[in-house]
Amino acid sequence: MAGTFGERRKQLLRHLLRNKSGATIDELTRVLGVTRTAVRQQLAALMRDGMVAPASTRPTGGRPEQLFVLTDEGKEAFPRHYSWFAQLLVEAVAKEHGVAGLRVRLGRIAAAVVEQLRQPVADVSRRQKIERLALLMDELGYDARTSNDFGGLPTIEADNCVFHELAMKHPEICHFDLALLSGFTGSKTELHECMARGGTVCRFRFTPRA
């Protein structure tokens, strides 16, 4: 039963993906080959999860029919191989410019990101910048938090490396994180532990620049 429910859910989402203006309950009933009650149950679950939302109504000459559409979150439920595309780009740059060239370009990208983020944190302390950075990383999916090392220096620990698969094949990717964290905080940043190298977390340590 659970497998059937999951397959119907996929069919419903796929139909809405292909019909951008939306679909009615009657239309989904015909497409899925189930009852109106079953469709309502599916829609209720998907709306609760934020993947589907009611849209406009369609005039019928009688009572208007309610349309349902995919939300942005619902669209993201479909596979998008960003990591595969990123790997192709990294491999192309490394092949053309070598590992050193790749590191230079990653550093430039990090510098551009820092420039975009610099203004809100320009007049705060280094530790406050580190705390702000941990929050930003957490929002990006790193599952990050601040801590202190044995010497009392601030650190950021991340349990989920968003570049993990890519970093496993191209350790140079970690240079982007280091350049970004260093530029954002104005600190010397060291990667003391790395999940791509067998660590349990990614641990970044910050020390004042000389």
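The values are calculated or read from the model by the stated rules, or taken from the named source; none is laboratory data. Bear in mind that the values here come from a model prediction, so they are computed numbers and not experimental data. As a convention, Cβ positions derive from the backbone with ideal geometry for all residues, glycine included, and neighbour counts pool all protein chains shown.
Data table
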| quantity | calculated |
| --- | --- |
| Residue match in region 70-89 (condition: in a strand (DSSP E or B), at pLDDT below 95 and not assigned by TED's automatic domain parsing to the domain that holds Thr185) | yes |
| Among (1) in contact with a Leu (Cβ under 7 Å, 6 or more places away or on another chain); (2) under 22 Å from Ala100 (Cα atoms), the one test that Met168 misses | (1) |
| Top-ranked residue of region 85-107 - restricted to ones that are surrounded by 11 or more Cβ atoms within 10 Å (Cβ to Cβ) and among the basic types (Lys, Arg), ranked as farthest from Leu166 (Cα to Cα) | Arg105 |
| Scope region 187-202; condition buried (at least 18 other Cβ atoms within 10 Å of the Cβ), more than 20 Å from the chain's Cα centre (by Cα) and either not assigned by TED's automatic domain parsing to the domain that holds Val124 or not β-branched (Val, Ile, Thr) (or both); matching residues | Ser187 |
| From the options Asp177, Asp143, Asp159, residue that is out of contact with any Gly (no Cβ under 7 Å at 6 or more places or on another chain) and crowded, with 16+ Cβ neighbours inside 10 Å | Asp177 |
| Any hit, region 26-38, residues being within 20 Å of Asp72 (Cα to Cα) and outside any helix (DSSP H, G or I) | no |
| When residues of region 39-64 are limited to those that are part of a helix (DSSP H, G or I) and hydrophobic (A, V, I, L, M, F, W, C), the one farthest from Glu76 (Cα to Cα) | Val39 |
| Qualifying positions in region 132-167 - among the hydrophobic types (A, V, I, L, M, F, W, C), modelled with pLDDT under 85 and under 13 Å from Cys202 (Cα atoms) | Cys161, Val162, Phe163 |
